[in-house]
1. Please go through the stretch 38-53 and pick out each residue that is modelled with pLDDT of 95 or more and surrounded by 15 or more Cβ atoms within 10 Å (Cβ to Cβ).
2. Among the residues that make up the stretch 80-88, is at least one of them closer than 25 Å to residue 9 by Cβ and in contact with a Ser or Thr (Cβ under 8 Å, 6 or more places away or on another chain)?
3. For the stretch 72-96, which residues satisfy the criterion of being touching a strand residue (DSSP E or B) at 6+ places or on another chain (Cβ under 6 Å) and either of a type in the set (Gly, Ala, Ser) or over 28 Å from residue 27 (Cα atoms) (or both)?
4. In this structure, does residue 20 turn out to be of a type in the set (A, V, I, L, M, F, W, C), assigned to a loop (DSSP other than H, G, I, E, B) and at pLDDT 70 or above?
5. Select from the stretch 56-77 the residues that are closer than 25 Å to residue 9 by Cα, in a loop (DSSP other than H, G, I, E, B) and either over 12 Å from the mean Cα position of the chain (by Cα) or modelled with pLDDT of 95 or more (or both) and list them in ascending order.
6. Can you tell me which residue among 96, 31 is modelled with pLDDT under 90 and surrounded by 17 or more Cβ atoms within 10 Å (Cβ to Cβ)?
Amino acid sequence: MSKNETELTWKDIEVGAIACDPGSARGYKTGDWRSQRPTYNHARCLKCGLCMIYCPEGCIYENAEGKFEASLFHCKGCGVCAKECPTMVITMVEEG
């Protein structure tokens with residue numbers, strides 16, 4: 001592929017292709033098909049990490065302040081993080 005890894009999208013994957021190397025999907029921007037994205041009210045964050053634990057994509061990381069955010073590069077917008085957050089830090093909004 002001639003594209004830079006940061007420019008790859010899920011559309012660049014061959015039909016029927018299976019990723020055999022661990023972590024090989026990290027180079028593809030798989031979050032570009034979501035219809036909702038998470039937004040944060042970090043003032044409410046307890047830094048419990050439940051959002052990170054329950055995220056099925058593993059795209060939530062701890063930022064420099066110790067609070068959690070989703071990498072929108074991989075986030076599919078499923079809303080599991082928002083549902084599991086005990087203090088409702090995360091709100092799902094329409095992508096647009």
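1. Those that are modelled with pLDDT of 95 or more and surrounded by 15 or more Cβ atoms within 10 Å (Cβ to Cβ): 38, 40, 50, 51, 52.
2. Looking through the stretch 80-88, at least one residue is closer than 25 Å to residue 9 by Cβ and in contact with a Ser or Thr (Cβ under 8 Å, 6 or more places away or on another chain).
3. Matches in the stretch 72-96: 77, 79, 82, 89.
4. no
5. Start the filter on the stretch 56-77 by keeping residues that are closer than 25 Å to residue 9 by Cα, which leaves 56-63, 68-77.
If we keep only those that are in a loop (DSSP other than H, G, I, E, B) as well, we get 56-59, 63, 71-77.
Result: 63, single match.
6. 31
The values are calculated or read from the model by the stated rules, or taken from the named source; none is laboratory data. Please read all numbers here as calculations on a predicted model, not as lab measurements. With ideal geometry, Cβ positions are generated from the backbone for all residues, glycine too; neighbour counts draw on all protein chains shown.
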